[in-house]
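Peer 1: Before we start, here is the structure in question, set down as structure tokens.
The values are calculated or read from the model by the stated rules, or taken from the named source; none is laboratory data. All values reported here derive from a predicted model rather than from experimental measurement. Cβ placement follows ideal geometry from the backbone for every residue including glycine, while neighbour counts extend to all protein chains displayed. With ligands, DNA and RNA removed, areas are computed over all heavy atoms of the protein, side chains included. Shrake-Rupley method; radii C 1.70, N 1.55, O 1.52, S 1.80 Å.
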Amino acid sequence: MNVTCAMADQSEADSLYDLVVDAAPTAFRAERGISGARFGGGALTAMRNDPTKYWSKAVGFGHDEPLTADLVDEIRAFYRAERVASTNLYVAPQALPADWETIRAERGIAEAETWVKLAGDVDTVLARFDDPATPRPTLKVETVRPQDIARWGALRDRVFGLPEELAPVIDAVVGRDRWEAFALRDGEEIVGGAIVFLGVETAHCYAGFTAPEARGRGGQTALFAARAEAAKAAGCRWLVTETGAEGPGEHNTSLRNMRRLGFKVVYERRNWVLPSGL
């Protein structure tokens, strides 16, 4: 059995909704204007006061029911009601309707970046990590402790270039049920980290990062192995994740590390920006 397109998208939708909507602290949710909805087989997250315009997303559509013009308009209406000017619309290429170009042209839906969605069998990832041919990481991975959250989050946001005021989006999952958060350490210094959402069959990987000065020492590989161990312990069979696609002449180290660990491409997708009509 392989991870289907629908399974991979459901993994992203379920984990994203829990991350952005359900896990958000009450005060932060009110301050940032966070809300969400589930319909049409997909998940919608909205963050009205988001300077990055990153956390408003519509994910997982086109599987349980077709992605029609009416469904796109229903998605637009949700964001318009939440006073969010636009959202990131993530649809697998296999789920796009035959008239997609007409639908998007009539609604001003713009092209954005291209991502690759990958899935790796947990046992395969662990076996590849244990293979003598895989270089041994010189960094260790540990669960994030409450006293480490501030340092862990500050480094993460610096590496990703995210504003400090949005740190609770990810910080809030530390210690939360169905999530595991990991810190990458060089001695006692935190030099990276990652999180994983533990679903039923799939575990969704997010926010893997390594400080520039600690790269090239097997940190990303060690973080995937730690997430695979957590997924296996939770009864999940697959790790699912996304990363940027490689364009001509480009080199995505993360993508190549995942492939070496046994991850396989589920699909490569063009992302879209859907204006709400505000």
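Peer 1: Mind listing P(r) for the chain? All alpha-carbon pairs, 5 Å bins, whole percents.
Peer 2: 1, 6, 12, 16, 19, 18, 14, 8, 4, 2, 0, 0
Peer 1: Pop a pseudo-label 7 angstrom from the Cα along the beta-carbon direction at both residue 138 and residue 252 and give the gap in nm to one decimal.
Peer 2: So the label points at residue 138 and residue 252 sit 2.8 nm apart.
Peer 1: Roll a 1.4 Å probe over the protein heavy atoms and report the accessible area of residue 221 in Å², nearest 10.
Peer 2: So the heavy atoms of residue 221 present about 20 Å² to solvent.
Peer 1: Is it possible to state the helix-based mean residue ellipticity at 222 nm for the chain, with each DSSP H run of 4+ residues giving -39500 (n - 2.57), the sum divided by total residues, to the nearest 500 deg cm²/dmol? What is it?
Peer 2: -9500 deg cm²/dmol
Peer 1: How big is the accessible area of residue 63 in square angstrom, nearest 10, if you roll a 1.4 angstrom probe over the protein chains?
Peer 2: Counting only protein heavy atoms, residue 63 exposes about 60 Å² to solvent.
Peer 1: Related question: Which of the helices in the chain, when you take each full DSSP H run, stretch at least 15 Å along the axis at their Cα atoms and have an average Kyte-Doolittle score of -0.5 or higher?
Peer 2: 5-17, 69-81, 149-160, 219-233
Peer 1: Give me the distance between the Cα centres of the stretch 31-74 and the stretch 228-265, rounded to whole Å.
Peer 2: Distance between centres, Cα-based: 25 Å.
Peer 1: Of 196, 10, 127, which is farthest along the charge dipole of the chain in the positive direction, counting Lys and Arg as +1 and Asp and Glu as -1 at C-beta?
Peer 2: 127
Peer 1: Next question. How about the stretch 245-278: which chymotrypsin sites (Phe, Trp or Tyr not before Pro) there lie in a loop by DSSP and see at most 10 other Cβ atoms within 10 Å?
Peer 2: Here no chymotrypsin sites (Phe, Trp or Tyr not before Pro) fit, given the DSSP loop and packing criteria.
Peer 1: Another one. Under Stokes-Einstein, with the Kirkwood radius over Cα pairs standing in for Rh, what whole-number D in µm²/s applies to the stretch 1-125 at 4 °C and 1.567 mPa s?
Peer 2: 84
Peer 1: What accessible area per residue, rounded to a whole number of Å², is obtained for the stretch 60-215 using a probe radius of 1.4 Å?
Peer 2: Here the per-residue accessible area is 47 Å².
Peer 1: Residues in the stretch 248-275 near a label at residue 186, defined as backbone nitrogen under 14 Å from the 7 Å Cα→Cβ point?
Peer 2: none
Peer 1: In whole percent, and with a 1.4 Å probe on the protein chains, what portion of the accessible area of the stretch 137-190 is carbon and sulfur?
Peer 2: The C+S portion of the solvent-accessible surface of the stretch 137-190 is 49 percent.
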